[in-house]
Amino acid sequence: MATPDGDLVERIRPGVWAIRVPLPVGPTGGTLVHLLESDRGPVLVDTGWDTPACWAALQAGIAATGHDVADVLGVAVTHFHPDHHGLSGRVREASGAWVAMHPLEAAALRRLEAVGVDEMTSIGPAFLAAGAPDGAAGDLAEAAGPWQFPALAEPDRLLEDGAALDVPGRDVRALLTPGHTAGHLSYLLARERLLCSGDHILPHISPHVGLWLAADDADPLGDYLRSLDRCADLDVDEVLPAHGHRFSGLAARTAELRAHHAERLAAIRGHLAGHGPATLWEVAAAMPWDVPWADIPTVMRHVALGEAAAHVRHLEQLGLVGRELVGADEVAVFHLIPARLT
Ligand SMILES: [Zn+2]
């Protein structure tokens, strides 16, 4: 079934729908909002980006399922990113719905408000700290994309790991799956044997795991790998991710994602073993990416540096890599720690 905009609405099981809300930027084919019918009105898992076109698509999608946005009972957010949580405030205004997320996502919203988001001013210092060569940041005015965070709604309800979601007539549980963000929740529909995986497990791409907003001693990649382990054996028939398409074979997909990160970790250790101590910039340039490092645009290199930093942090936490601060700019230089003989 297609809405007037051509956005797809799919009935997955009786009373369980996927609504594809487009993204203003990016190639992922939009955000998949999942609508769970209940005895007291539909509950949405995520809502989509806050633009007029996305809002129109979400309302049209809800209408195509036979409901009205005014009847929405609640919004369960997987994580605070604007392609997931962007429209939650509008849905609440239109319906009086509750908006729920994990406490760590609510904390991320407050942190975001305090530090702000400005791609233009954050790239230069990040590149400098990574030991990038002069001029690597290029023309930032040209590089900056439309990646500004819109205002995001505060939640009314906080969901701890294992909490039952208020979806009358259904058994839906929140499952803490940190990594992509610190308080990322997946939602398990036990009776339907479905897992709404948000950005934690996607069918074709590996979700970004970086250090943005992470505490100094946090290990987001370690969290992510543990979250994969946690999901691998869930007894579900299908996974409903927030991007791409639904799929079966959860255990196989988690194994692929594990292997992907193992390959990157091995590449970093191999580089340090073969070339000696290296800056984060050099580590990132040596990691396997979908396109050669030299061809990655500035903004995406910034994202890639975050990914590299999370991998190096994980190796540091495992005691396999150490760092020294070098020069007046105190650029971190990473080295392998030889295996200790015990
Ligand atoms: Zn995300």
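Could you work out what % of the accessible surface of the chain is carbon and sulfur, using a 1.4 angstrom probe and leaving DNA, RNA and ligands out of the count? Carbon and sulfur together cover 54 percent of it. At a Förster radius of 56 Å, what calculated FRET efficiency corresponds to the Cβ-Cβ distance of A273 and R13, to the nearest 0.05? Efficiency for this residue pair is about 0.65.
Computed extension gain for V25 through A107, at 0.36 nm per residue and net of the alpha carbon distance, reaches 26.9 nm. Here the simple spin-label model places points 7 Å from the Cα toward Cβ, and for E93 and D329 these points are separated by 4.4 nm.
Here the spin labels are modelled as points 7 Å beyond Cα on the Cα-Cβ line, and at H204 and D235 they lie 3.3 nm apart.
What area, in nm² and to one decimal, does the C-alpha convex hull of the stretch 224-320 cast on average over all directions?
7.4
Taking a point 7 Å out from the Cα of L158 in the direction of its Cβ, the residues of the stretch 93-108 whose backbone N falls within less than 11 Å of it are 101-108. Between W293 and R40, the simple label model (points 7 Å from Cα in the Cβ direction) yields a spacing of 5.5 nm. Heavy-atom accessible surface of the chain, averaged per residue, reaches 44 Å², computed with a 1.4 Å probe. Using the Cβ-Cβ distance between A190 and A136 with R0 set to 30 Å, the FRET efficiency from 1/(1 + (r/R0)^6) comes to roughly 0.05. Available extension along the chain between M300 and R173 is 42.2 nm, counting 0.36 nm per residue and deducting the alpha carbon span.
Quick one: angle between helix 220-232 and the longest Cα principal axis of the chain, in degrees between 0 and 90, rounded to 10, please. Its long axis makes an angle of about 50 degrees.
Calculated from the alpha-carbon coordinates, the chain shows an Rg and a Dmax of 20.9, 67 Å respectively.
The values are calculated or read from the model by the stated rules, or taken from the named source; none is laboratory data. These numbers come from a predicted model, not from an experiment. Ideal geometry is used to build each Cβ from the backbone, glycine not excepted, and the neighbour counts take in all protein chains shown. Each accessible area value is taken on the protein alone, full model and side chains, heavy atoms only, with ligands, DNA and RNA left out. Shrake-Rupley method; radii C 1.70, N 1.55, O 1.52, S 1.80 Å.
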